[in-house]
Amino acid sequence: MSQTVEHTGSYYAYSANPSPQRPALRGSLRADVCVIGAGYTGISTALHLAEAGFKVVVLEAARVGWGASGRNGGQIVNSYSRDIDVIEARHGADAARKLGAMAFEGGKIIRERIAKYDIQCDLKDGNVFAAFTQKQLDELIAKKALWERYGHTGLKLVDKAGMKDIVSSDQYVGALLDTWGGHIHPLNLALGEAAAFESLGGQIFEQSAVVEVLKGQPATVKTAQGEVVADTVVVAGNAYLGNLIPQLAEKTLPCGTQVVTTERLDPALAKSLLPGDNCVEDCNFLLDYYRLTGDNRLLYGGGTVYGARDPGEIERLIRPKMLKTFPQLENVKIEFGWTGNFSLTLSRLPQVGRVDSNIYYSQGCSGHGVTYTHLAGRIISEAIRGQRERFDAFASLPHYPFPGGRLFRVPMLTMGAWWYEMRDRLGV
Ligand SMILES: Cc1cc2nc3c(=O)[nH]c(=O)nc-3n(C[C@H](O)[C@H](O)[C@H](O)COP(=O)(O)OP(=O)(O)OC[C@H]3O[C@@H](n4cnc5c(N)ncnc54)[C@H](O)[C@@H]3O)c2cc1C
């Protein structure tokens, strides 16, 4: 019998809302749709389909929200890892128009879900992009103009003097506040969405790693002790999918990133760090991101360990970054530290498509996936229901395999990351 896989030792697992252990799949089931993976991509797709009356079965190798969706920084960041202007320059005005029209939808889906299903996940408004240099601030000014062209009306530029109302750190020259962004307890969002799906008759099996997908009409999705025969399959394993579908594995690189949370802070100290209670990410390529949790801890993430190596001492990696931003936390204890994998693509745009006429996938949000994965769930569910236009807008973007093959892509990416880190340090 295979070993049970539990949540990583994160602050989120420690503070998770009660959620049942789901059984492992045994025997054979018939479904309209079988979803592989119970992160945001999988659960969001399943919930959209269940709302539309489909019989959906979700198979999860570990626990609901076990992957990046239950470990991330909790930042609701709009648009994509590569913004709409890059999409326009690389893929043309038509692609930019179509993807731009969807760039703020994921965040709205999250808020709709939280309100509709009364999900308790510490939702707070406002995410901040903080600039270290005038060059970065100029880029934020351009981002504001770009997003406003696509209909965003909730953006505010913050100058150096105004930063004191956002974050008490003197390293920034200014920022862009997105009032449509925000932050959440990510695992509790995933658990709440899973419960919503189940309330509509959906079934989730945990500890049920998919070991084989047999193509066909219907397709058969096999686990160690069972199978789901389904008209349609959705592959949503992202950075944890491994080599289940080899042609998907070669196009992404799982990257580890690390997060810590402090002990509970005195409320006055917490408020002094982030007076607006927004979440913040800086504008460096290898960015730091942080926010206050619902119980007044500072949650701080940063650094990228390419190739998903588990860092031995997460605190050793992140604490110096945290103290650089907030030297006033010198004597504050770190209580939790964990790592999680996101999936990087060469273009840094998500990959959406089909590996067979009835086998859909979405992967590779390249670090900004909280909003995109919710959009992905909607556009995949639309495609399964026969409305393909928005799915096709993503699916028509080219996907590139990583250079260097399986052996050399991690060292090559490490060198690339080093190069960008140098640029960040030099402010160029
Ligand atoms: C530490 C960290 C911080 C981040 N911070 C942010 C942030 O603040 N804001 C933001 O926008 N994005 C952030 N991201 C990225 C974001 O979390 C991800 O893009 C997003 O959660 C991906 O969701 P997903 O459902 O596609 O993948 P995951 O959440 O990783 O879910 C995939 C699931 O599939 C399961 N699975 C895999 N293979 C199989 C199989 N064979 N059979 C069954 N199940 C399988 C896994 O067990 C897993 O539960 C962060 C990521 C990390 C790791």
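The values are calculated or read from the model by the stated rules, or taken from the named source; none is laboratory data. Since this is a predicted model, take the numbers as computed values, not measurements. Glycine gets a Cβ as well: all are built from the backbone with ideal geometry, and neighbour counts include every protein chain shown. Remember, those area values only see protein heavy atoms, side chains included, never the ligands or the DNA or RNA. Shrake-Rupley method; radii C 1.70, N 1.55, O 1.52, S 1.80 Å.
Computed quantities for the displayed model
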| item | result |
| --- | --- |
| Hydrodynamic radius (Kirkwood) for the range 1-136, which is based on Cα pairs only, to one decimal in Å | 18.1 |
| Solvent-accessible area, 1.4 Å probe, carbon plus sulfur percent, for the chain | 53 |
| Estimated D of the range 173-268 in µm² per second, where Rh is the Kirkwood radius over Cα pairs and Stokes-Einstein applies at 20 °C, 1.002 mPa s | 121 |
| Helix 314-325 vs. the chain, principal-axis angle (Cα, 0 to 90°, nearest 10) | 40 |
| Cβ-based charge dipole, the range 93-151, positive-most Cα from Leu123, Ile110, Ala142 | Ala142 |
| Per-pair calculated FRET efficiency, R0 = 51 Å: Ala224 and Ile141 via Cβ, rounded to 0.05 | 0.40 |
| Of every Cα-Cα pair in the chain, the percent that sits beyond 34 Å | 27 |
| Expected 222 nm ellipticity per residue - DSSP helices of 4 or more, -39500 (n - 2.57), all of the chain, to 500 | -10000 deg cm²/dmol |
| Nearest-20 debye value, the range 40-86 charge dipole, Cβ charges on Lys, Arg, Asp, Glu | 220 |
| Neighbourhood charge, 11 Å Cβ-Cβ cut-off, centred on Glu382 and excluding it, Lys, Arg +1 and Asp, Glu -1 | +2 |
| Using θ = phi - 60° and Karplus 6.51 cos²θ - 1.76 cosθ + 1.60, couplings along the range 355-369 (whole Hz; Gly, Pro as x) | 9, 7, 4, 10, 10, 9, 8, 9, 7, x, 6, 6, x, 10, x |
| Sequence ranges 10-20, 75-85, 175-185, 30-40, ranked by mean other-Cβ count within 10 angstrom, highest first | 30-40, 175-185, 75-85, 10-20 |
| Normalised alpha carbon radius of gyration of the range 244-387 [divisor 2.2 N^0.38 Å] | 1.26 |
| Size of charge dipole - the chain - debye, nearest 20, with Cβ of Lys, Arg +1 and Asp, Glu -1, no other charges | 500 |
| Alpha-carbon spread of the range 111-240, three principal axes, descending order, Å | 61, 31, 29 |
| Dipole magnitude of the range 27-113 about its Cα centre (Cβ charges: Lys, Arg +1; Asp, Glu -1), debye to nearest 20 | 220 |
| Dipole axis of the chain (+1 Lys, Arg; -1 Asp, Glu on Cβ), positive-most option in Phe394, Tyr80, Ser272 | Phe394 |
| Cα gyration tensor category, rounded, prolate or oblate, for the range 182-327 with a/c compared to 1.5 | prolate |
| Segments 280-288, 316-324, 195-203, 88-96 sorted - mean Cβ within 10 Å per residue, highest first | 280-288, 195-203, 316-324, 88-96 |
| Cut-off under 5 Å, modelled amide H: who pairs with Gly226 long-range | Gly27 |
| Mean accessible surface per residue for the range 108-147, computed with a 1.4 Å probe while every protein chain stays in place, in Å² | 48 |
| Tilt relative to the chain, helix 134-149 - C-alpha long axis, 0 to 90 degrees, to 10 | 50 |
| Given charges at Cβ of Lys, Arg, Asp, Glu: the range 18-73 dipole, positive-most of Ala31, Ala52, Pro18 | Pro18 |
| Residue of Val128, Val233, Val355 that the Gaussian network model of the chain assigns the largest fluctuation, springs spanning Cα pairs under 10 Å | Val355 |
| Spin-label model distance (nm) - Gln247 vs Arg26, 7 Å beyond Cα toward Cβ | 3.7 |
| Sites Arg97 and Asn17 - FRET efficiency at Förster radius 35 Å, r taken between beta-carbons, to 0.05 | 0.30 |
| Cα-based helix-to-principal-axis angle, 105-116 vs the chain, degrees rounded to 10 | 80 |
| Karplus-derived HN-Hα couplings along the range 336-348 (A = 6.51, B = -1.76, C = 1.60, θ = phi - 60°), whole Hz, x at Gly and Pro | 9, x, 8, 10, x, 10, 10, 10, 9, 10, 5, 7, 6 |
| Förster radius 30 Å - calculated FRET efficiency between Gln171 and Ser396 (Cβ-Cβ, nearest 0.05) | 0.15 |
| Within the chain, percent of DSSP bridges classed antiparallel, to nearest 5 | 70 |
